[in-house]
1. Using a 10 Å cut-off around each Cβ, can you sort Glu9, Glu126 from fewest to most neighbouring Cβ atoms?
2. Efficiency by 1/(1 + (r/R0)^6): what FRET value for Lys46 and Asp86, r their Cβ-Cβ distance, R0 = 30 Å, to the nearest 0.05?
3. Where does the charge balance sit around Pro3 when Lys and Arg score +1, Asp and Glu -1, over other residues with C-beta under 14 Å from its C-beta?
4. Helix-only estimate, please: 222 nm mean residue ellipticity of the chain, summing -39500 (n - 2.57) across DSSP H runs of length 4 or more and dividing by its residues, to the nearest 500.
5. Can you tell me the length gained on complete extension of the stretch Ile71 to Asp125, counting 0.36 nm per residue apart and subtracting the Cα distance?
6. Can you give the local net charge around Tyr57? Use residues other than it whose beta-carbon is closer than 11 angstrom to its beta-carbon, Lys and Arg +1, Asp and Glu -1.
7. Can you figure out the FRET efficiency of Glu28 with Glu110, using R₀ = 35 Å and their beta-carbon distance, to the nearest 0.05?
8. How long, wide and thick is the chain, going by the Cα atoms along their three principal axes, in whole angstroms, largest first?
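Here, each number is a calculation from the coordinates, and none is a lab measurement. These numbers come from a predicted model, not from an experiment. Because the Cβ atoms are built from the backbone with ideal geometry, glycine has one as well, and the counts that use them run over all protein chains shown.
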Amino acid sequence: MKPVVISPEKVECLVWYATYDAVKTQAEKVLNGEYDKTRFFIHSFKDKLPSDNHDDYMTIYCTLKVKNRSIFHMNTVETVAFELGDFKENVLFSYSSDFAVSGGTWRFSESEETFRLDVYVGNMDENAVRDLG
């Protein structure tokens, strides 16, 4: 029996004005070197955003269920996206689950951990965008 089991719980995709504003603000922080290098990851972002259209950006929240079946308390559970598959050129940034909320998973308990991806979808057709979720 595995002491820790991690399984996908849900994926939520959001496109709205605040998404673009958040991506733009984060891009400025990256260019100025003002970001948390331990919890925030740069993927395909280079020097500028690919578009100024707010409809071209999506935030994806990925929630994982963590079951701690061991006798030990885990102080921190941090989830991070490393493999992005076919969409690696579209993922601008990602945030670990520890970016916004941190907490442990007590022994013999379950918790949810959510990490976030900021994605450029302006060059994708509807089917490709649907495949993200």
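1. Listing Glu9, Glu126 from fewest to most nearby Cβ atoms yields Glu126, Glu9.
2. FRET efficiency, Lys46 to Asp86: 0.95.
3. Here the charged neighbours net out to +3.
4. -5500 deg cm²/dmol
5. Going from the current span to full extension adds 14.7 nm.
6. Counting the neighbours of Tyr57, the net charge comes to -4.
7. 0.40
8. Taking the Cα atoms of the chain, the three principal extents are 50, 35, 23 Å.
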